[in-house]
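Notes follow the structure.
The values are calculated or read from the model by the stated rules, or taken from the named source; none is laboratory data. Every value quoted in this text rests on a predicted model; they were computed, and no experiment measured them. When we count neighbours, we look across all protein chains shown, and the Cβ atoms used for this are built from the backbone with ideal geometry, even at glycine.
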Amino acid sequence: MRNMKIMEWWNSADIVSFMGTIAQILTAIMGLVVLTLGIRSSQLQNRQQQINKLNIAQANTAAAEANEGLSKANERALELENKTAQAQLELQKIKDKQAPWVLTSDQETMFEQLIDKAEKGKIEIAYYLPDGERAGAFAKRLETIFKDAGYDMAPEISMVTNTSNPTGIHVFYRKDEDRNRAIEYMNIFKKMGLLCKYGKFDQNHVDLWPGMDNAVTITVYTKP
C-alpha cells in the first residue's frame, strides 16, 4: 500500500513538477547564500589586508622615527666626542707650552750632525728674559752643543726683552756676508721641527755691540 502511494507520487506530473520547482528554489537560495558568504569573505579579507597595511605603515613610521632618533643620538655622541678630543688637545697644548723646553735624544743627535757640517762662524746665544728659567735652560743647552762642535762662541749668554712676546727661535745676522749662515742655522732648527725665523739686526743694535759685528745671534724666545 505504501509502495503504491510512492509510485503515485513519482508518477504524478504535478507533484514531480512541484518538487522540481522547490529544488530550483532551494538551489537558488543556496547559490545566493554561497554568493553572500563569498562576498562577505572577500570583504573581511580586504578589511584584514587594510588593517595589515595600516599596521605595516605604522610599524615603518615607528621604525623610521626610531632610526631618526638613533641617528640624532649618534650625531650628538660624535659631536661630544669631537669636543672632548678638542678639549684634550687644547689641554695637551697648554701642558706642552708649560713644560720645559728640551731637545729629545733624536733631535739632539740630528742637531749635532747638522751643525757639524754647517759653516762654523762666530755665534752668540741669547734668551728671552720674561721666559727666563725655561728659555735660559734651553739656550744654555744650545750653547754647550755649539761649543762642543767647535764653534767660536760669545763669552756669555745674553738676555733680551721684547714687548711683542715672540715665540720660537730667531736667528739674527749683522753683516750681509753672514746672511747665508743665518739662513743655514734657521733651516737646521726647522729640520728638527722647531719654529724658527731669521732676520737682520738694525744698525742701532749693531752700534751698541761693536765687538759682535761678525757674530750670528741665536735667540731663544718663548716656547711655542
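Just a few scattered comments:
- In segment 27-43, the residues that are without any contact (Cβ under 8 Å) to a residue 12 or more places away in the chain form no Cβ pair under 6 Å with any partner that is in a helix (DSSP H, G or I) and acidic (D, E), whether six or more places apart or across chains.
- Failed condition for R141, given (1) surrounded by fewer than 20 Cβ atoms within 10 Å (Cβ to Cβ); (2) within 14 Å of W101 (Cβ to Cβ); (3) touching a residue at least 40 places away in the same chain (Cβ under 8 Å): (3)
- Within segment 182-197, considering residues that are more than 15 Å from D116 (Cβ to Cβ) and in contact with a Phe, Trp or Tyr (Cβ under 7 Å, 6 or more places away or on another chain), the one surrounded by the fewest Cβ atoms within 10 Å (Cβ to Cβ): I183
- Lone unmet requirement of (1) assigned to a helix (DSSP H, G or I); (2) surrounded by fewer than 16 Cβ atoms within 10 Å (Cβ to Cβ) for G136: (2)
- Residue among N3, N52, N46 that is at pLDDT below 70 and outside any loop (DSSP other than H, G, I, E, B): N3
- Among the residues making up segment 149-170, those that are farther than 14 Å from T222 by Cα and in contact (Cβ under 8 Å) with a residue 24 or more places away in the chain are A149, G150, Y151, D152, M153, A154, I157, S158.
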